[in-house]
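Undergrad: Quick one: structure below, then a few questions.
The values are calculated or read from the model by the stated rules, or taken from the named source; none is laboratory data. Keep in mind it's a predicted model, so treat the numbers as computed, not measured. All Cβ positions, even for glycine, are placed from backbone atoms using ideal geometry, and neighbour counts span all protein chains on display. In case anyone asks, the SASA skips ligands and DNA or RNA and just uses the protein heavy atoms, side chains included. Shrake-Rupley method; radii C 1.70, N 1.55, O 1.52, S 1.80 Å.
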Amino acid sequence: MSILLHIASFQRGETVNPEIIQILLVEDSPSDVEFTIEAMREAKVANQLHVVVDGVDAMAFLRQEDPYVTAPQPDLILLDLNLPRKDGKEVLAEIRSDPRLQPIPVAILTTSRAESDILRSYELGANCFITKPVRLEEFLEVIRTIESFWLTIVRLLPR
């Protein structure tokens with residue numbers, strides 16, 4: 001998968017093009033990863049999608065710890081709540097407690113519709129909460145909308 005090749009290249013010390021929007025997808029569902037990749041391929045804005053499959057790897061990526069020592073700081077994080085090893089709420093709390101990571105926008109992208117998850121995510125500092133649709137075409141449209149809003153309308157932090 002090309003995403004893994006991107007991560008492997010950072011391990012070898014390659015640099016990141018500053019003109020390309022860096023997106024970290026924290027998602028353990030292979031099908032949701034594939035759908036997101038497909039939708040991002042059609043993006044109007046140049047982006048590079050990096051994928052990690054659990055909360056522990058998400059924090060290692062964000063903190064540039066082994067094996068992600070040369071990974072870029074993402075411009076946007078798409079975070080699932082239901083993750084192995086460390087759930088998305090724990091990851092969000094750690095992001096918001098780290099002054100270096102705090103400014104990065106975090107969009108929760110999850111299957112949960114629970115009001116308690118929505119409330120807790122916003123309390124922890126999520127920038128938005130999106131429930132993943134079940135149907136493929138609707139899922140692709142949600143990803144396109146995220147791309148349109150976060151990568152073309154919103155002004156992200158300068159690097």
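Undergrad: Could you give the accessible area per residue of segment 90-159, probe 1.4 Å, as a whole number in Å²?
TA: Details: 4020 Å² over 70 residues.
Value returned for segment 90-159: 57 Å² of accessible area per residue.
Undergrad: Which value in nm describes the separation of the simple spin-label points at Thr131 and Arg85, placed 7 Å from the Cα toward the beta carbon?
TA: Placing both labels 7 Å beyond Cα along the Cβ direction yields 3.0 nm.
Undergrad: What distance in nm lies between label points placed 7 Å from Cα along the C-beta direction at Thr152 and Ala46?
TA: 1.8 nm
Undergrad: Please identify the helices of the chain, taking whole runs of DSSP H, that span at least 15 Å along their own axis as judged from the Cα atoms and have a mean Kyte-Doolittle score of -0.5 or higher.
TA: Working: long enough: 30-41 (17 Å, -0.24); 136-148 (18 Å, 0.28).
Within the chain the helices that satisfy the rule are 30-41, 136-148.
Undergrad: Sticking with this structure for a sec: Could you state the orientation-averaged shadow area of the convex hull built on the Cα atoms of the chain, in nm² to one decimal? Let's see the in-between values first.
TA: Details: hull surface 34.6 nm².
Spelled out: convex hull of the Cα atoms, projected over all directions, averaged, 8.7 nm².
Undergrad: Moving to a separate point now. Quick check: at a probe of 1.4 Å, how many percent of the accessible area of the chain sits on carbon and sulfur atoms?
TA: Working: 4370 of 8100 Å².
Answer for the chain: carbon and sulfur cover 54 percent of the accessible area.
Undergrad: Whose amide H sits under 5 Å from the amide H of Leu109, counting only residues 5 or more places off or on another chain, with H placed in the peptide plane?
TA: Amide H to amide H, under 5 Å and 5 or more residues apart or across chains, Leu109 pairs with Leu79, Asp80, Leu81, Ile130.
Undergrad: How long are the semi-axes of the equivalent ellipsoid of segment 86-137, taking √(5λ) for every eigenvalue λ of the Cα gyration tensor, in whole Å from largest down? Working shown, then result.
TA: On the way: eigenvalues 92, 28, 16 Å².
Listed largest to smallest, the semi-axes of segment 86-137 are 22, 12, 9 Å.
Undergrad: Continuing with this model, one more query. Excluding Ile23 itself, calculate the net charge of residues whose Cβ lies under 13 Å from the Cβ of Ile23, where each Lys or Arg counts +1 and each Asp or Glu counts -1.
TA: Working: positive: Arg41; negative: Glu27, Asp75, Glu147.
Every neighbour counted, the sum reads -2.
Undergrad: Let me ask another. Give me the net charge for the shell around Asp32: Cβ to Cβ below 10 angstrom, other residues only, Lys and Arg +1, Asp and Glu -1. All intermediate terms of the calculation are to be shown ahead of the outcome.
TA: On the way: positive: Lys132; negative: Glu27, Asp28, Glu34, Asp80.
Spelling it out: positives minus negatives among the neighbours equals -3.
Undergrad: Could you tally the net charge around Glu141, taking each other residue with its Cβ under 13 Å from the Cβ of Glu141, Lys/Arg +1 and Asp/Glu -1? Don't skip to the end; give the middle numbers.
TA: Details: positive: Lys132, Arg135, Arg144; negative: Glu38, Glu42, Glu137, Glu138, Glu147.
Once positives and negatives cancel, what remains is -2.
Undergrad: Okay, moving on. Starting from the 7 Å offset along Cα-to-Cβ, what nm value, one decimal, do you get for the label separation of Ile20 and Val69?
TA: It works out to 2.2 nm between the two label points.
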